[in-house]
Amino acid sequence: MSYSNAQELLSAIQPASGGTEIFDPATGELVGRVAQNSVADLDAAVSAARTAQPAWDALGHEERNRLLNLAADRIEANAEALAELLSREQGKPLNGPNARFEIGGCAAWLRAATAYEVEPEVVVDDGETYAAKHYRALGVVGAIGPWNWPMMISIWQLAPSLRMGNTVVMKPSEYTPLSVLALGHVLNEVLPADVLQVVAGGREVGEKLSGHPEINKIMFTGSTPTGKAIIRSSADTVKRLTLELGGNDAGIVMEDADPKAIAEDLFWGAFINTGQTCAALKRLYVPESIYTQVCQALTEVAAKMPMGVGLDENNVLGPLQNKAQYNIVADLVQGAVDSGATVLLGANPDSEAAGYFYPTTLVADIDPQNDLVTKEQFGPALPIVKVKNVEEAITHANSLETGLGASVWGSDREQALAVAARIQAGTVWINSHGTIDPRIPFGGAKQSGYGLEFGLDGLKALAQPQLIKG
Ligand code: NAD
């Protein structure tokens, strides 16, 4: 069936009574209630997933692809209800690169997981020896997700897993369980029973999942400290891991860049989802020769972008999703202000606001070692660091332990490519930032994680390679 609004969808996924209340971060109003699952519920889900896995695998690629495309149809049929619920629970506006965009991404990434053939690869065939590499299902995949893009990241985890013949148990963030439960509910209208299950619970459920003897692989997206905890708790069972962790992406502006031409893309690179994006531009390095012009052009664009309650069709920026994240952003900006940095825009939150709104903030003339530059702010506050030249910017860009994405902005493509090659990051974009694509593999360098998602590489990461010789 199709749900016409979030309330109808909520009625389908909420417990009849009780449960934990979830509040809208923009208004403080009640969104809905979620039944908290225990570790015993997790055990039952994993056991059901294990039982369901052989039949799901036996369907073969073609039939699984057919069902996954039907599941993508269900997302599209329920797009407005899903977007409304996502907006209310996560806070992100319906418009701009936010809730409706995220639902569109869910359908697109789900379909993309069906778009590749995963054939056995002949490794040696010289007349004497024959060997081929096959890609077998792993078994049951545990998926643990964050609160910033709860539905899209769930799809990134579940779509390649299911495509490759695995069954999936998902543990959503405790901040955004309703979005993931609703998504799972819609997908399960067409998927066989127990192939995809959502177990809503706290850290203890995530911890149990990552050490569970019946789980073969963990797909994790979240913070670097939690990623490290998962490496430890999965060690005894030698689980496969894909870890997409925190980032602190650098943007480097070249001296030949056109400030006005790049300002809007720079803005969205940094402020997509109100800055709560793993691969957002989080520190910008600009040579002194064009520093003033870049600051001015960015301020003009940023000042025009409306922030407010997500369901208001005019807004393109929303609140921070939770109080803890609000405090991180507020403290980092205050620290920068106290250090003598210049506030170009924002930095004065309205203490009377009902929601966790932190204004769009641009901070200039900031020390490159200031915490707002070197720590992940994960919110709407961008530090703009003045550098003598691009060499200095490259040194700063590579100076941190994270390396998810980075970007180079300039008019000469050859020069930009030469700089990109020297940046320690999993992806380097030229004249854009964070513009992910389901056909292009994505993953972190250094402590931003390991393993690739998306594309054919992403599918192979959800399989056990098996070599057959003879
Ligand atoms: P988080 O690490 O606090 O939580 C993520 C998930 O892990 C939640 O579901 C949580 O319940 C669970 N968890 C917590 N402790 C656990 C444990 N010990 N074992 C197993 N699971 C546990 O992250 P968050 O605050 O929800 O997300 C924000 C962070 O995620 C940021 O650092 C951001 O950069 C990162 N992120 C990365 C990507 C990426 O693709 N690299 C994407 C989105 C977000």
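The values are calculated or read from the model by the stated rules, or taken from the named source; none is laboratory data. Note that the coordinates shown come from a computational prediction; the quantities given were computed from them, not determined experimentally. Here Cβ is always computed from backbone atoms with ideal geometry, including for glycine, and neighbour counts include all displayed protein chains. Surface accessibility is based on the protein's heavy atoms, side chains included, excluding ligands, DNA and RNA. Shrake-Rupley method; radii C 1.70, N 1.55, O 1.52, S 1.80 Å.
The table that follows gives values for the structure above.
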item	result
Residue that is nearest to the ligand (Cβ to nearest atom), among those in region 125-181 that are touching a Phe, Trp or Tyr at 6+ places or on another chain (Cβ under 9 Å) and in a strand (DSSP E or B)	I144
Single condition A108 does not satisfy, out of (1) within 15 Å of the ligand (Cβ to nearest atom); (2) open to solvent by 20 Å² or more (accessible area, probe 1.4 Å); (3) within 25 Å of D265 (Cβ to Cβ)	(1)
Conditions (1) surrounded by 21 or more Cβ atoms within 10 Å (Cβ to Cβ); (2) closer than 18 Å to I328 by Cβ; (3) within 16 Å of the ligand (Cβ to nearest atom); number of the one not met by T374	(1)
Tally of residues being more than 21 Å from A108 (Cβ to Cβ), part of a helix (DSSP H, G or I) and open to solvent by 20 Å² or more (accessible area, probe 1.4 Å) across region 53-77	7
Residue, surrounded by the most Cβ atoms within 10 Å (Cβ to Cβ), within region 36-52, restricted to residues that are touching a Ser or Thr at 6+ places or on another chain (Cβ under 8 Å) and among the aliphatic types (A, V, I, L, M)	A49
Failed criterion for L467 (all others in (1) of a type in the set (A, V, I, L, M, F, W, C); (2) part of a helix (DSSP H, G or I); (3) open to solvent by 70 Å² or more (accessible area, probe 1.4 Å) hold)	(2)
Helices (runs of 4 or more DSSP H) within region 217-303 that include 2 or more residues open to solvent by less than 10 Å² (accessible area, probe 1.4 Å), away from the ligand (no atom under 16 Å from the Cβ) and at pLDDT 95 or above	259-271, 291-303
Qualifying residues in region 111-123 (those that are without any contact (Cβ under 8 Å) to a residue 60 or more places away in the chain and assigned to a strand (DSSP E or B)) - the one most open to solvent (accessible area, probe 1.4 Å)	V122
Test result for D437, part of a loop (DSSP other than H, G, I, E, B), within 16 Å of the ligand (Cβ to nearest atom) and among the charged types (D, E, K, R)	yes
All positions within region 187-202 that are away from the ligand (no atom under 16 Å from the Cβ) and touching a Leu at 6+ places or on another chain (Cβ under 7 Å)	L187, N188, V190, L191, V195, L196
Filter result (touching a strand residue (DSSP E or B) at 6+ places or on another chain (Cβ under 7 Å) and of a type in the set (D, E, K, R)) within region 29-63	E29, R33, R50, D57
Test for V205: is it near the ligand (Cβ under 10 Å from one of its atoms), hydrophobic (A, V, I, L, M, F, W, C) and more than 16 Å from the chain's Cα centre (by Cα)	yes
Residue that is in a strand (DSSP E or B), β-branched (V, I, T) and out of contact with any Phe, Trp or Tyr (no Cβ under 8 Å at 6 or more places or on another chain), where the choices are V385, V373, V428, V419	V428
Filtered residue count, region 450-461, keeping only those that are buried (at least 19 other Cβ atoms within 10 Å of the Cβ), hydrophobic (A, V, I, L, M, F, W, C) and more than 14 Å from L243 (Cβ to Cβ)	2
So V385, is it buried (at least 20 other Cβ atoms within 10 Å of the Cβ) and either within 29 Å of D338 (Cα to Cα) or more than 22 Å from the chain's Cα centre (by Cα) (or both)	yes
Tabulated pairs, region 441-455, first within 11 Å of the ligand (Cβ to nearest atom), second of a type in the set (K, R), C-beta under 8 angstrom, 6+ apart or interchain	F454/R439
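Conditions tested, residue by residue: (1) free of Cβ contacts under 8 Å to residues at least 24 places away in the same chain; (2) assigned by TED's automatic domain parsing to the domain that holds W156; (3) open to solvent by 10 Å² or more (accessible area, probe 1.4 Å).
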residue	(1), (2), (3)
T176	no, yes, no
A182	no, yes, no
N188	yes, yes, yes
V195	no, yes, no
G201	no, yes, no
V205	no, yes, no
K208	no, yes, yes
E214	no, yes, yes
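A quick yes/no check of all residues on (1) open to solvent by less than 40 Å² (accessible area, probe 1.4 Å); (2) closer than 26 Å to A354 by Cβ:
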{"residue": "A6", "(1), (2)": "yes, yes"}
{"residue": "A16", "(1), (2)": "no, no"}
{"residue": "F23", "(1), (2)": "no, yes"}
{"residue": "E29", "(1), (2)": "no, yes"}
